[in-house]
Structure formats: C-alpha cells, structure tokens
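Everything on this sheet refers to the single structure shown next.
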Amino acid sequence: MRLLAVVLLVAMSLVALAAVAVQPDEVLSDPRLEARARSLSKELRCMVCQNQSIDDSDAPLARDLRILVRERLQAGDSDREVTNFLVARYGEFVLLNPRFSAHTAILWVAPAAILVIGAFALFVFARRRAASGAPASTEQTKLTPAEQARLSELLERGPS
C-alpha cells in the first residue's frame with residue numbers, strides 16, 4: 001500500500017512538471033494556428049524569467065507575449081513575421097536562440113575559438129615537454145645511489 005502511494009506521488013509530480021503556463025483562454029480554436037503559436041512560444045524568451053520560454057512562464061508579461069503571438073498569427077502573419085515583429089519591439093534578447101549577426105557573432109564563434117586555442121596550447125606544451133626530455137611524471141625519476149642503498153636496507157629489514 002505504501003509503495004503504491006509513493007508511485008502515485010511520483011507520477012503526479014512528473015505530470016506537474018509537464019504542465020505549461022498556457023492558459024485555456026489563450027488557446028486558439030484552429031489547431032494549426034495553435035500549434036504554430038506553441039512552436040513560436042517555445043523559441044521566445046520570457047523577459048522576466050530570462051532563461052525560460054514564454055510557453056513555460058507564468059509571468060504576466062509572458063502571458064501578454066503569448067496573446068500577442070496568437071493575435072499576430074490570427075491576423076495572417078507568418079512565423080518569421082511574428083518573430084521579426086517581436087525582435088523589432090523587444091530586441092534580439094527576446095529570442096532564446098539568437099540569430100547569427102555581427103553583434104551576436106562572438107556568442108557563436110567564441111566556444112569554437114576557445115576550443116581551438118586550448119587544443120593548440122596543449123599541443124605546444126606537449127611538444128616542448130617532449131623536446132626538453134623531461135620525464136612525464138615524478139614517479140619515473142631514478143633514485144640516487146644513497147637512496148637505493150637506504151631502500152634496500154629497509155626492504156631487507158622487513159616490517160617493524
């Protein structure tokens with residue numbers, strides 16, 4: 001009985017996670033338009049929550065944006081026109097995935113550039129280390145004759 005209660009509690013928790021913020025009064029009667037609106041809403045950033053789409057946000061501004069998207073779609077705008085309208089009104093920040101442009105190039109290029117620079121630095125470091133003849137680790141260094149004699153003495157004596 002207790003196991004059943006735990007399973008039901010976990011199942012209800014997972015269902016709650018899947019819920020989205022779109023209210024029933026926002027849903028369009030045309031299923032195709034509603035699907036387009038939901039698709040667009042998942043790509044637009046909530047300006048209040050910032051790392052959440054307007055589709056997932058409960059903020060009043062996100063609700064206003066969802067309604068605006070649906071109004072634009074009902075007016076006959078294409079998905080691109082709706083996106084362009086919102087970008088013109090709120091800036092590129094409204095997009096969860098910013099477009100590639102001159103002022104967003106650093107966002108797209110920096111990770112690859114850092115990876116290439118790091119790989120090059122690692123390559124140069126490895127070549128210099130190999131050229132200097134330095135051992136790869138301190139474990140491979142040889143013992144001096146005095147250290148070797150002391151080690152032999154300790155091994156012959158055995159555990160104390």
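Bear in mind that the values in this text are calculations on the coordinates, not laboratory data. Since the model is a prediction, treat every value here as computed from it, not as a measurement. A quick note on method: Cβ atoms are made from the backbone with ideal geometry, for glycine too, and the neighbour counts reach across all protein chains shown.
Data for the structure
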| item | result |
| --- | --- |
| Residue selected from the stretch 88-102 under the condition surrounded by 15 or more Cβ atoms within 10 Å (Cβ to Cβ) and either without any contact (Cβ under 8 Å) to a residue 12 or more places away in the chain or in a loop (DSSP other than H, G, I, E, B) (or both), by the criterion farthest from the chain's Cα centre (by Cα) | 98 |
| Residues of the stretch 35-71 that turn out to be farther than 15 Å from residue 96 by Cα and not small (Gly, Ala, Ser), as a count | 11 |
| Matching entry among 52, 148 (being under 30 Å from residue 33 (Cβ atoms) and of a type outside the set (A, V, I, L, M, F, W, C)) | 52 |
| Tally of residues being touching a residue at least 24 places away in the same chain (Cβ under 8 Å) and assigned to a helix (DSSP H, G or I) across the stretch 43-64 | 3 |
